[in-house]
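The values are calculated or read from the model by the stated rules, or taken from the named source; none is laboratory data. In this text, all values refer to a predicted model and were calculated from it rather than measured experimentally. Ideal geometry is used to build each Cβ from the backbone, glycine not excepted, and the neighbour counts take in all protein chains shown. Heavy atoms of the whole protein, side chains included, go into the accessibility calculation; ligands, DNA and RNA do not. Shrake-Rupley method; radii C 1.70, N 1.55, O 1.52, S 1.80 Å.
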Amino acid sequence: MESIEVVIETPKGSCQKYDYVPNTPFFKMKKILPSGMVFPYDFGFIPKTKGEDGDPLDVIVISEFESFPGVIIKCRVIGGIKAEQSEEKDSKKMIRNDRFLAIPKCSNIFQNVEKMEDLPKMITDQLEAFFTEYNRLEGKKFKALEKMNPREAQRLIHKQLQ
């Protein structure tokens with residue numbers, strides 16, 4: 001499976017949500033999550049891609065470590081969650097905003113994970129619950145549609161390359 005580079009915006013365990021500021025070397029703090037809520041894994045994007053929401057494609061990097069905003073991690077895609085979310089607060093209009101799952105090439109603990117089914121089901125269930133609650137707190141809806149295998153995820157990523 002070919003690898004991709006992921007730029008981390010928000011590290012695992014962070015209650016601060018960061019966003020990359022395009023065409024600058026900077027990240028801005030977008031918001032602070034409610035007390036006790038943190039990102040379960042590193043959250044970032046695939047450079048040079050563009051999803052239906054106009055942003056680069058979202059990636060959750062499953063690993064045994066947390067990184068920091070701005071780091072680039074070479075990863076392999078193990079699948080994804082096809083999802084829809086409301087475009088804006090209190091909007092009824094839903095747009096596709098998939099979440100791709102990846103494993104760092106340098107991971108020791110997850111080196112044998114090749115597809116989402118190799119992970120404990122609790123991990124993907126908790127990720128869906130996190131994004132549902134994260135969006136609900138913003139007045140948005142998030143709906144997981146179905147899971148993608150690695151081949152389908154890679155195909156969708158290539159389709160969104162700019």
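Tally up the residues in the stretch 77-95 that are in a strand (DSSP E or B), open to solvent by 20 Å² or more (accessible area, probe 1.4 Å) and of a type in the set (Gly, Ala, Ser), please.
Number of matching residues: 0.
For the stretch 96-147, how many residues meet the condition of being part of a loop (DSSP other than H, G, I, E, B) and of a type outside the set (Ser, Thr, Tyr)? Before you say what the answer is, go through the steps one by one.
Looking only at the stretch 96-147, we keep the residues that are part of a loop (DSSP other than H, G, I, E, B), and these are 97-98, 105-115, 119-120, 138-141.
Now narrow it down to the ones that are of a type outside the set (Ser, Thr, Tyr): 97-98, 105-106, 108-115, 119-120, 138-141.
Looking only at that region, the number is 18.
Of all residues in the stretch 9-37, which are surrounded by 14 or more Cβ atoms within 10 Å (Cβ to Cβ) and either of a type outside the set (Lys, Arg) or over 18 Å from Gly70 (Cα atoms) (or both)? Explain how you work it out, then say what you get.
Looking only at the stretch 9-37, we keep the residues that are surrounded by 14 or more Cβ atoms within 10 Å (Cβ to Cβ), and these are 9-12, 14-20, 27, 33.
Listed by number, the residues that qualify are Glu9, Thr10, Pro11, Ser14, Cys15, Gln16, Tyr18, Asp19, Tyr20, Phe27, Leu33.
Could you check the stretch 1-76 for strands (runs of 3 or more DSSP E) lying wholly inside it with 1 or more residues that are farther than 24 Å from Phe142 by Cβ, modelled with pLDDT under 95 and among the hydroxyl-bearing types (Ser, Thr, Tyr)?
Counting at least 1 such residues, we get 3-10.
Which of the numbered conditions does Phe110 fail, given that it passes all the others? Conditions: (1) modelled with pLDDT of 95 or more; (2) within 15 Å of the chain's Cα centre (by Cα); (3) farther than 16 Å from Ala153 by Cα.
All conditions pass for Phe110, except number (2).
Would you tally the residues in the stretch 24-40 being more than 13 Å from Val7 (Cα to Cα) and in contact (Cβ under 8 Å) with a residue 24 or more places away in the chain? Break it down into steps so the answer makes sense when it comes.
First, pick out the residues of the stretch 24-40 that are more than 13 Å from Val7 (Cα to Cα): 24, 28-40.
Filter once more, so that each one left must be in contact (Cβ under 8 Å) with a residue 24 or more places away in the chain: 33-34, 37-40.
So the count comes out to 6.
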